[in-house]
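Okay, structure first, notes after.
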Amino acid sequence: MKSIKKLALAGVVAAGAAWGPAHAADLAPTYKAPVKAFAPVQTWDGFYVGGNVGYDWSTSSTGISALSTDPALAAPLAAFIAAGSFPTSLSPSAKGVIGGIQAGYNWQVAPQWLVGLEADFQGSDVKGSTTQALAPVGFDATSTTVTKGIDWFGTVRGRVGVLVAPQWLLYGTGGFAYGRTKSSFSTTDVTSGCAVGGTICASGASSGTSTGWTAGAGTEVMFAPNWSFKAEYLYVDLGRRTLNVASSTIPAIVFTTSTPFREQIARVGINYHFSAGPVVARY
């Protein structure tokens with residue numbers, strides 16, 4: 001009887017030994033290495049286009065002078081000017097709304113640094129005018145007017161920026177500027193009117209394409225895939241427009257005006273980036 005029990009026990013032990021190695025792996029929990037998630041990295045590389053609207057203002061003054069090509073009139077004209085018959089400068093205080101388009105290309109040269117090129121073209125409603133009336137003692141009263149304006153302008157600029165966050169760019173910009181500028185001048189003898197050979201009246205205007213330079217700074221934020229909003233300040237210097245106007249009543253007297261076009265511009269805009277967007281690293 002004891003022999004039978006020993007045999008049964010030995011069979012159970014042998015069966016357990018055989019079953020254990022075969023099925024231990026099935027009982028072990030399944031383990032997988034954790035997958036590391038990589039955050040999207042914003043890129044600004046590539047071509048973009050957009051539109052903008054803004055405001056232009058300037059406070060520079062137009063210089064005014066007069067001379068005579070007839071030596072016989074030089075002394076009387078000098079006395080007339082010394083009496084304060086004509087202003088020596090007037091400020092048209094030109095200002096107005098601007099709007100246009102821009103296009104450019106960005107190179108993100110490092111995770112936080114960007115360089116680029118941008119060109120824009122603006123329609124302009126910038127204009128200004130001012131009039132001054134003078135009544136010197138012993139001389140006729142006069143009224144003198146100057147105007148200035150910009151019909152359109154554009155710039156071609158480089159940009160250098162730093163990404164303070166993946167979607168937030170701060171940048172400086174500068175380069176070439178061009179535009180169609182215009183100015184005018186007129187003066188009238190209020191007391192006696194425009195009498196040929198007796199009083200001094202003059203009127204003239206000038207317009208054309210001017211060139212110069214621009215510099216400024218701005219900020220741009222990616223607010224949606226491929227879309228950004230920007231706010232920008234530019235100082236634009238388009239040089240001076242000089243106008244020589246001979247008197248219509250005494251042609252030997254010539255007025256010269258010099259009008260600077262030094263514009264301050266604040267504008268906002270939206271850009272569409274053709275290739276910018278989140279890039280996910282894959283491993």
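The values are calculated or read from the model by the stated rules, or taken from the named source; none is laboratory data. None of the values given here were measured: they were computed from a predicted structure. Cβ sites come from the backbone with ideal geometry, for glycine too, and all protein chains shown count toward neighbours. Surface areas here come from the heavy atoms of the whole protein model, side chains and all, with no ligands, DNA or RNA. Shrake-Rupley method; radii C 1.70, N 1.55, O 1.52, S 1.80 Å.
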For segment 118-270, with all protein chains present and a 1.4 Å probe, just round the carbon and sulfur fraction of the accessible area to a whole percent. 62
Can you pull the one-decimal nm distance between simple spin-label points at Val160 and Tyr233, each 7 Å off the Cα toward Cβ? 2.0
Summed side-chain charge close to Leu238 - residues other than Leu238 whose Cβ falls under 12 Å, Lys, Arg +1, Asp, Glu -1: +2
Ranked from highest to lowest mean number of other Cβ atoms within 10 Å per residue, what is the order of the peptides 64-77, 96-109? 96-109, 64-77
If I model a spin label at Ser89 and Ala72 as a point 7 Å from the Cα along the Cα→Cβ vector, what separation in nanometres do I get? 3.6
Peptides 258-265, 165-172 ordered by average Cβ neighbours within 10 Å, highest first: 258-265, 165-172
If you take the square roots of the eigenvalues of the alpha-carbon gyration tensor of segment 138-283 and sort them as a ≥ b ≥ c, do you get rounded (a/c under 1.5), prolate (a/b over b/c) or oblate? prolate
Please find the FRET efficiency linking Ala224 to Gln112, where r is the Cβ-Cβ separation and R0 is fixed at 25 Å, and quote it to the nearest 0.05. 0.70
Modelled label-to-label distance, Thr209 and Ala195, 7 Å Cα→beta-carbon offset: nm? 4.8
Which shape class, rounded, prolate or oblate, goes with segment 199-283 when its Cα gyration tensor gives a ≥ b ≥ c as root eigenvalues, a/c under 1.5 marks rounded, and past that a/b bigger than b/c marks prolate? prolate
Please give the length that would be gained between Thr242 and Asp151 if that part of the chain were fully extended, namely 0.36 nm times their separation in residues minus their C-alpha to C-alpha distance (nm, one decimal). 31.0 nm
Would you mind calculating the relative contact order of segment 116-199 from Cα pairs under 8 angstrom and at least 6 residues apart, reporting the percent as a whole number? 32
